[in-house]
1. Can you tell me the mean projection area, over all orientations, of the convex hull of the stretch 30-76's alpha carbons? Units nm², please.
2. Going by average Cβ neighbours within 10 Å, how do the peptides 121-134, 63-76 rank, with the highest at the top?
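Every number here is computed from the coordinates shown, using simple stated rules; none is lab data. Since we're looking at a predicted model, the values are computed, not measured. Note that each Cβ is placed from the backbone with ideal geometry, even for glycine, and that neighbours are counted across all protein chains shown.
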Amino acid sequence: GSRVDIRVGGTFTLAHCGVVGSPDSSNGKSFLCTDLVLVGGGVGLNPMYSMLLEMASAAARGQLVPFVRVLYSVKCLGDAVLLKRLTALKQGTMADKMEITVFVTQEERDVECGNVALRRGRISQQQLAECLRDCATGSTVALICGPK
């Protein structure tokens, strides 16, 4: 029963996606949501990673940032080119504000991912619903980006 707006193409920045509003006079950007869900497939995580860097910078300056749930889908773990950088953010300024789940669709063997949740197969409707259900009662923005 929820309304979902979908936009294809265009500008992909925190401000254009409704995550950041007018600057707060005391500390810079004003984040408009309490939760941010980023769903990226393969290289589709690249623009989202830039957003995460901006949020990590804001967190380092003491700003309140949304809790971020990253769902990253790749064929095999070797394709997760940004995984080390994501885990570095999670271990740094975004430690208590970020959760990463990697979905591996074609991995034949068990693999280790450190402090990252690893799931075999594609992101299912049920897993996406669970992710959204875990979001706080405030506003949530979900962004999806991946290869065609």
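1. Reported value for the Cα convex hull: 3.4 nm².
2. Details: 121-134: 12.2, 63-76: 20.0.
Taking the mean over residues of other Cβ atoms within 10 Å, the ranking is 63-76, 121-134.
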